[in-house]
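As structure tokens, the structure follows; a few thoughts come after it.
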Amino acid sequence: APRPPPPAKDAAAPMLGRTKEEAINVCQPMGQRTYLSRLRCPDGQPPRFGRRGNVGARNERKGSVTDEDLIRQMDMSRILGPGEIDYHVIDLYEVQCSDTTHEIFMDMYHCADPKTNKPPSGFTLAPE
């Protein structure tokens, strides 16, 4: 069977923001609120949103990862090294569009590297 065409370069990854492993990268709680305030529901309206809490590390701890390694990753000014596994603590938000509630996962420890500027599937982003 022929392969489907690749997604457009600016299209959101299908799971972006839908799992903790595919969390949306932002900088600090203000970055979370700013990103969420730019989201638009399928009907073009802004959603209501609220933080449900953290859901633990983005990835499961592996091998010889120490508590010191995890603490070092919480430095918001530090960019993860090539191949370094992201153990940041992930926050879960409930995002309400009409009568549908979506769960959106966010990583607020990405202040030194590029932030996510794409929407989760089913949403659009208003300009900054």
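Among the residues of the range 15-33, the ones that are of a type in the set (A, V, I, L, M, F, W, C), in a loop (DSSP other than H, G, I, E, B) and over 8 Å from the mean Cα position of the chain (by Cα) come to 1 in all. Taking every residue in the range 21-49 that is within 16 Å of residue 121 (Cα to Cα) and pairing it with any residue that is among the acidic types (Asp, Glu) and crowded, with 19+ Cβ neighbours inside 10 Å, at least 6 positions away or on another chain, the pairs with Cβ-Cβ distances below 6 Å are 23/107; 25/107. Against the criterion of being within 18 Å of residue 15 (Cβ to Cβ) and in contact with an Asp or Glu (Cβ under 6 Å, 6 or more places away or on another chain), residue 101 qualifies. Here residue 53 fits the description: of a type outside the set (A, V, I, L, M, F, W, C), outside any loop (DSSP other than H, G, I, E, B) and modelled with pLDDT of 95 or more.
Checking the range 89-108 against the condition returns a match, with at least one residue being polar (S, T, N, Q), over 17 Å from the mean Cα position of the chain (by Cα) and in a loop (DSSP other than H, G, I, E, B). Identify, by number, the condition in (1) without any contact (Cβ under 8 Å) to a residue 60 or more places away in the chain; (2) surrounded by 11 or more Cβ atoms within 10 Å (Cβ to Cβ); (3) touching a Cys at 6+ places or on another chain (Cβ under 7 Å) that residue 77 doesn't meet. Failed condition: (2).
Residues that are charged (D, E, K, R) and in a strand (DSSP E or B) within the range 109-128 are absent altogether. Residue count for the range 34-53, restricted to those that are surrounded by fewer than 14 Cβ atoms within 10 Å (Cβ to Cβ) and under 13 Å from the mean Cα position of the chain (by Cα): 0. Of all the listed residues (126, 57), the sole one being closer than 18 Å to residue 21 by Cα and touching a residue at least 12 places away in the same chain (Cβ under 8 Å) is 57.
The values are calculated or read from the model by the stated rules, or taken from the named source; none is laboratory data. It should be emphasised that the depicted structure is a prediction, and the values quoted were computed from it without experimental measurement. Backbone-built Cβ (ideal geometry, glycine too); neighbour counts: all protein chains shown.
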